[in-house]
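Remarks on the structure that follows.
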Amino acid sequence: MNSTPLSLGLAVLALTAAPAAAQDYTFNHISSENQWTWSASTSLGTLVGQPNNNFDTQGTSSVSLSGSPFSGGEITGASQAVTSDLNGYIPGPFGISFADVNVSNLVFSISTGPFTVDASGNFTADWVVLFEQGTLTVTPLGSGPSVTDLAGTFGPPSTNTGSVTIDSSGQVVIFSNQSATFDFVDAGTGISANFTITGTFRGTADQISTEPGVTFCSGDDSSSACPCGNTGGAGEGCANGSGSGARLSASGTASVSAADLVLSAENLIPSQPGLYFQGNNAVNSGNGNPFGDGLRCAGGGVIRLQVRFADSNGTSQTSANIAANGGVSAGDTKRYQIWYRDPNSSPCSTQFNLSNGYEITWAS
């Protein structure tokens, strides 16, 4: 066959909650919930499925996703395998068959351009299906088979809609109703056909952390040694009197104009003050230097952002406009820490400590 044979327009459209920068997700297709059927009309009559017109697929999709909340995505790679042969025949008079048709070992990939997601999680996208492998065999009445290698053939762009949600377990769920129609002509027999695929697609992916920055300079022996052997847990600062180290993180977006970034700290000393501050540099190549009971990770052009008292659980968060208070511009990379009091149980007797460092590259 030449032209564009039966392209399987499986929905692998994807998107999800993510930071301002795009992230890559792998969606696992749920074969039991992806119900598909095909239909076809040919120049010799309707193509009838044997034993029916249903088929299943299995595979994964790689998708680049952006936005917080959901705002867009792009399919960057999706490989799908049809789990059984597609068989049919063109019936003629008196119970004879004008031709038998078989598609075997079909594997295809899908790609799209960038698409957007509305506030309700709905999307519309165009994609192209490329056959990576597969064999089409047409056997007309009274003639030998005409065999075509489908590798490298593709269908025209097809438009479909869908939705994206996050379920109670935190997984990203994609659902889409699908329909795609393709015209082709078999070079060996001259039989032309109009082929349509319809069905539903559902896939899941683990949600990627939506933090707008990255942790560095932890007091967990991955950076400089803590001052008096007071090692903290993974990703924390050096241990304080509670036995844990303060952990600094962030939420919101690294967007200067959005002004919604919040710095948060946990494992502080309850009811004690802490200073959130910003620096231009990652001290000692990001490993930090001993300072009080902790490590000084952020330095150079230090700006005091806000003083906050920890609550009874040892947590606090900023309420100030971090971008404005720090005087940052789009494209700037800044480092953050909280410097807090530990007056009664300080492991190294300096009565103060610091969290891990946190690095953010700001966007517009």
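Taken as a whole, the structure leaves Phe182 outside the set of residues that are in contact with a Lys or Arg (Cβ under 9 Å, 6 or more places away or on another chain) and in contact (Cβ under 8 Å) with a residue 40 or more places away in the chain.
Looking across the stretch 184-196 at every residue that is modelled with pLDDT of 80 or more and part of a strand (DSSP E or B), the one that is nearest to Ser249 (Cα to Cα) is identified as Thr196. Screening Val129, Val101, Val117 for residues that are in the same structural domain as Arg202 (by TED's automatic domain parsing), more than 28 Å from Val48 (Cβ to Cβ) and crowded, with 18+ Cβ neighbours inside 10 Å leaves exactly one candidate, Val117.
Gln80 passes every criterion in (1) closer than 17 Å to Phe27 by Cα; (2) more than 26 Å from the chain's Cα centre (by Cα) apart from (2). Determine whether Gly49 is at positive phi and either surrounded by fewer than 22 Cβ atoms within 10 Å (Cβ to Cβ) or at pLDDT 85 or above (or both). Answer is no for this residue. Residues in the stretch 152-169 that are surrounded by 13 or more Cβ atoms within 10 Å (Cβ to Cβ) and either in a loop (DSSP other than H, G, I, E, B) or among the acidic types (Asp, Glu) (or both) were compared, and the one that is modelled with the highest pLDDT is Pro157. Scanning the stretch 86-124 for residues that are free of Cβ contacts under 8 Å to residues at least 40 places away in the same chain, over 20 Å from His29 (Cα atoms) and part of a strand (DSSP E or B) turns up Asn87, Asp100, Asn102, Ser104.
The values are calculated or read from the model by the stated rules, or taken from the named source; none is laboratory data. Just so it is clear, the structure is predicted and the values come from calculations on it, not from any experiment. Cβ: placed from backbone, ideal geometry, glycine included. Neighbour counts: every protein chain shown.
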